[in-house]
Amino acid sequence: MLKELCLLNGISGREKAVREYIISKIPSDCKYSVDALGNVIVEKPGKSRASKKVMLSAHMDEVGFMVSYITDDGYIKIAPVGGIDERVVFGRRVKVADIYGVIGAKALHHLSSDELYKVPKIEDMYVDIGAQSRKQAEEYVSLGDEVCFVSEYLEFGDGFIKSKALDDRVGCQILLDILSREQPYDLTVCFVVQEEIGTRGAAVAAYSVAPDYAIVLEGTTAADLPDTPDQKKVCKLGNGAVVSFMDRGTVYDVELYKRAFELAEKNSIKCQTKTVVAGGNDAAAIHKSGKGVRTAAISVPTRYIHSQSCVAKKEDIEAVEKLAECLARELAND
């Protein structure tokens, strides 16, 4: 299921294919609705009524681009959707609407001495779809079309996975797994849109659900790479679920932070925290919704995030799933 989710295309605001897939996997004992923004909100009945309303959330969208202009000679100019490092863009294969292309830039032998050792900006790149003119390109491509990385899903090494969109299809897969199992208490599960451009879908979903507690499931940056000091590695693949105490959008509920680690120890689940205050996720919108929501974030450590070759580890995904389910069950009966 994770492979199928990752290989679907769905940049922010264009999540339809991902949404339809997720809806097809919702168990028959659940009720779901789709709101005006495209969030999927699922009510999972438990054996008993929950004393507190718990919302589990993951976002469906991925980073990518949109067509912003078509040149006279048939090249496609693009604008980024979400935060994308220029270093992962040049030379990559992409899909534009229903056709394929390659992202290019000025030829090496045409670069000035100042340009030679600089990464070209996205605004200076283009997608080559093999068209000879604007008229020919416009037969296949329109302004506003989504442009997505093309990537294979690859399992390699000791339980590693490489694919585009692991951020946050891992969270979506975990939520579908949780929905597939019998739960002791009622849960509300949200698959939200437009996280990568400002946590927009989560704000709307949280307002609608009005939970007492929220657990955000994410993929988060891991920098456990050669020559990186330990305090700057953020988190490490193989060290389990990542529980955040603070990022650029949220200072997390300290009691939930501690309870997550206590549950991890009690249930022999590998768990770690982020050693760098960086990034953000849908918790930034959820915890400020309505009268306020006590919120935790549990993430899968992911290398090379927001690229066509994100890398995560199976055992970490499993740890996030176990910890999220344990915490949700406890909070529902709080």
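The values are calculated or read from the model by the stated rules, or taken from the named source; none is laboratory data. Not measured: the values here are computed from a predicted model. Here the Cβ positions follow ideal geometry from the backbone for every residue, glycine too, while neighbour counts run over all protein chains shown. Heads up: the accessible areas ignore ligands, DNA and RNA and are worked out on the full protein's heavy atoms, side chains in. Shrake-Rupley method; radii C 1.70, N 1.55, O 1.52, S 1.80 Å.
Round to the nearest 10 and report in Å² the accessible area of Lys258, as given by a 1.4 Å probe over the protein chains' heavy atoms.
120 Å²
Using a 1.4 Å probe on the protein chains only, how many percent of the accessible area of the chain belongs to carbon and sulfur?
Reported share for carbon and sulfur atoms: 49 percent.
Quick one: if the Förster radius is 22 Å, what FRET efficiency do Lys314 and Glu182 give, using the C-beta to C-beta distance and rounding to 0.05?
0.40
Using the alpha-carbon atoms, what tilt in degrees (0 to 90, nearest 10) does helix 200-209 show relative to the longest principal axis of the chain?
It is inclined by approximately 20 degrees.
State log₁₀ I(q)/I(0) for the chain at q = 0.11 Å⁻¹ as given by the Debye formula over alpha-carbon point scatterers of equal weight, solvent excluded.
Listed by q, the Debye log ratios stand at -0.70.
How would Met125, Met246 rank on accessible area, largest to smallest, probe 1.4 Å?
Result, largest first: Met246, Met125.
How far is helix 314-332 tilted, in degrees, relative to the longest principal axis of the Cα atoms in the chain, given as a value from 0 to 90 rounded to the nearest 10?
40 degrees
Classify the range 260-334 from the C-alpha gyration tensor, please: rounded if a/c falls under 1.5, else prolate or oblate depending on whether a/b exceeds b/c.
It comes out oblate by the Cα gyration axes.
Give the shape of the range 191-334 as rounded, prolate or oblate, defined through the alpha-carbon gyration tensor: a ≥ b ≥ c are the square roots of its eigenvalues, a/c under 1.5 means rounded, and otherwise the shape is prolate if a/b is larger than b/c and oblate if not.
oblate
Need the C-alpha centroid separation for the range 2-67 versus the range 142-221, integer Å.
7 Å
So if I place +1 on the C-beta of Lys and Arg and -1 on the C-beta of Asp and Glu, and nothing else carries charge, what would the dipole magnitude of the range 134-184 be about its Cα centre? I want it in debye, nearest 20.
Roughly 120 debye for the range 134-184.
Can you give the % of DSSP beta bridges in the chain that are antiparallel, to the nearest 5?
65 percent
Send over the semi-axes of the range 17-132's equivalent ellipsoid, whole angstrom and largest first, taken as the square roots of 5 times the C-alpha gyration tensor eigenvalues.
44, 17, 10
Would you mind working out the accessible area per residue for the range 234-295, using a 1.4 Å probe, and quoting it in Å²?
With all protein chains present, the range 234-295 gives 49 Å² per residue.
Mind jotting down a quarter of the surface of the convex hull over the alpha carbons of the range 1-61, in square nanometres, one decimal?
4.9 nm²
Once you mark the GluC sites (Glu not before Pro) that are in a DSSP loop and have at most 12 other Cβ atoms within 10 Å, what is the longest gap between them in the chain?
In the chain, the maximal stretch lacking such sites is 183-334.
Mind checking the per residue accessible area of the range 39-176 for me, 1.4 Å probe, whole number of Å²?
Accessible surface, normalised per residue, equals 49 Å².
Report the net charge of residues surrounding Gly130, where surrounding means a beta-carbon distance below 13 angstrom and charges are Lys +1, Arg +1, Asp -1, Glu -1.
Every neighbour counted, the sum reads -2.
Which whole number in µm²/s is D for the range 234-304 by Stokes-Einstein, with the Kirkwood Rh taken over Cα pairs at 10 °C and 1.306 mPa s?
Translational D for this selection: 126 µm²/s.
Past the 22 Å Cα-Cα mark, which pairs from Lys274/Lys322; Lys53/Lys270; Lys16/Lys291?
Among Lys274/Lys322; Lys53/Lys270; Lys16/Lys291, the Cα-Cα distance tops 22 Å for Lys53/Lys270; Lys16/Lys291.
Between Gln136 and Asn333, what is the label-point separation in nm under the 7 Å Cα-to-beta-carbon projection?
Taking the two extended label points, one gets 6.7 nm.
Subtracting the Cα-Cα distance from 0.36 nm times the residue separation, let me have the gained length for Val34 to Thr228 in nm, one decimal.
Computed gain between Val34 and Thr228 is 65.5 nm.
With the Cα gyration tensor of the range 125-170 giving a ≥ b ≥ c as the square roots of its eigenvalues, does the rule (a/c under 1.5 for rounded; else a/b larger than b/c for prolate; else oblate) give rounded, prolate or oblate?
Prolate is the answer for the range 125-170, as a/c is 1.5 or above and a/b outweighs b/c.
Starting from the Kirkwood radius over alpha-carbon pairs of the range 93-216, derive D by Stokes-Einstein at 37 °C in a medium of 0.692 mPa s and give it in µm² s⁻¹.
This corresponds to a translational diffusion coefficient of 172 µm²/s.
Sorted from largest to smallest, which semi-axis lengths in Å does the alpha carbon gyration tensor of the range 58-125 give for its equivalent ellipsoid, taking the root of 5 times each eigenvalue?
Here the semi-axes work out to 23, 16, 10 Å.
Starting from the Cα of Arg87, step 7 Å along the direction of its Cβ; do the same at Lys118; then give the gap between the two resulting points in nm.
Using points 7 Å along Cα→Cβ, the separation is 1.7 nm.
Could you work out how far apart the two model spin labels at Arg49 and Met1 are, taking each label as a point 7 Å from the Cα in the direction of the beta carbon, and quote it in nm?
The two pseudo-label positions are separated by 2.9 nm.
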